[in-house]
Amino acid sequence: MLKFQNQNVIVTGGTRGIGRAITEAFLKEGAKVVATYFSQDEAAMKFKESMGSYGEQLILKKFDIASFEQCQKFFHEVEAELNNVHVLINNSGIRKDNLAAVMSPDDWDKVLNTNLKGSFYMSQLAVLNFLKNRYGRIVNISSIGGMLCLPGQANYAASKAGQMAMAKSLSKEVAKKNITVNNVCPGFIDTELLADLPEEQKAEYKKQIPMKRFGKAEEVAHAVLFLASAEAAYITGTNLEISGGLG
């Protein structure tokens with residue numbers, strides 16, 4: 001039996017990297033998935049085509065989650081097409097690293113607006129949909145960076161720590177309604193988000209990881225599916241690290 005058959009799942013940033021792996025995993029478990037993206041239309045369409053028959057259950061939506069108005073419009077469209085939403089995966093995220101002393105206000109705002117504010121907008125609107133059926137699952141793709149607080153990532157660390165705190169607070173507000181809110185906190189995962197790092201920096205990071213390797217996007221997706229499942233009904237307000245022991 002497919003675990004997510006007849007369920008509708010939203011995955012923000014669901015066409016690349018970890019989000020792509022999560023989208024694929026839900027599709028293969030029978031869900032209908034709405035994968036959102038911000039840019040790169042051609043890459044998104046190629047992803048849908050690459051899914052073959054699973055692509056028939058994949059809906060692509062392009063918008064900016066940092067805009068509340070665009071998030072509202074998105075949910076109105078999704079509710080008109082699918083009615084109920086069962087799972088929200090807040091995966092969209094960006095990095096704009098720099099030392100705090102020289103970080104531009106724009107780089108601070110863009111990271112906080114996408115990673116934290118966008119997660120809040122999407123969660124708020126998802127909860128309003130979940131309440132109709134007294135059921136829902138929210139999983140934020142946060143980061144161990146919100147705990148380690150690496151140098152050069154004041155904006156990113158703040159956004160991810162805020163995401164974890166927001167989820168814990170929200171989880172207490174909706175627990176009685178059979179809605180759970182959890183965070184998955186990946187460490188260094190081998191995706192394009194790490195592609196711009198110098199090779200020597202990657203090697204140094206791997207030395208710090210007890211397993212001595214970067215994680216795979218699929219390894220994150222497996223954990224997300226569990227927290228989004230009916231079987232995880234008594235798990236809420238938690239942070240699950242997927243970091244090869246780095247934490």
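The values are calculated or read from the model by the stated rules, or taken from the named source; none is laboratory data. Everything numeric in this text was worked out from a predicted model, so none of it was measured. Cβ sites come from the backbone with ideal geometry, for glycine too, and all protein chains shown count toward neighbours. Heavy atoms of the whole protein, side chains included, go into the accessibility calculation; ligands, DNA and RNA do not. Shrake-Rupley method; radii C 1.70, N 1.55, O 1.52, S 1.80 Å.
With +1 on the Cβ of every Lys and Arg and -1 on the Cβ of every Asp and Glu, and nothing else charged, how large is the dipole of the stretch 97-247 about its Cα centre, in debye rounded to the nearest 20?
Values: 16 positive and 15 negative charges, 173 e Å.
Roughly 840 debye, rounded to the nearest 20.
Helix 41-50: angle to the longest alpha-carbon principal axis of the chain, degrees 0 to 90, nearest 10?
60
Determine, from the Cβ-Cβ distance of residue 207 and residue 83 and an R0 of 45 Å, the FRET efficiency 1/(1 + (r/R0)^6), rounded to the nearest 0.05. Show your work: numbers first, answer last.
Numbers: r = 50 Å, r/R0 = 1.11.
Approximately 0.35, to the nearest 0.05.
May I ask which of 46/216; 117/216; 46/177; 3/132 have a Cα-Cα span longer than 30 Å here? Intermediate values should be presented prior to the final figure.
Values: 46/216 21 Å; 117/216 27 Å; 46/177 38 Å; 3/132 22 Å.
Pairs exceeding the cut-off: 46/177.
Below 8 Å, C-alpha to C-alpha, sequence gap of six or more: please give me the relative contact order for the chain in percent. Intermediate values should be presented prior to the final figure.
Values: 459 pairs, mean separation 48.1, N = 247.
Contact order relative to length: 19 percent.
Taking all protein chains as present, what is the carbon and sulfur share of the accessible area of the chain, in % to the nearest whole number, probe 1.4 Å? Numbers along the way, then the final one.
Details: 6340 of 11880 Å².
Here it works out to 53 percent.
Mind checking which aspartates and glutamates have their Cα closer than 20 Å to the Cα of residue 172? Skip sequence neighbours fewer than 8 apart in that chain.
231
So if I take the centroid of the Cα atoms in the stretch 198-240 and the same for the stretch 7-72, what is the distance between those two points in Å?
Using only Cα atoms, the two centres lie 20 Å from each other.
Mind checking the angle between helix 118-133 and the chain's longest principal axis? C-alpha axes, 0 to 90 degrees, to the nearest 10.
Roughly 20 degrees, rounded to the nearest 10.
How big is the dipole moment of the stretch 128-211 about its Cα centre under a simple scheme where the beta carbon of each Lys and Arg is +1, that of each Asp and Glu is -1, and everything else is neutral? Debye, nearest 20, please.
Details: 11 positive and 7 negative charges, 176 e Å.
With only Lys, Arg, Asp and Glu charged at Cβ, the dipole is about 840 debye.
Quick check: the angle from helix 17-28's long axis to the longest principal axis of the chain, C-alpha only, nearest 10 degrees?
30
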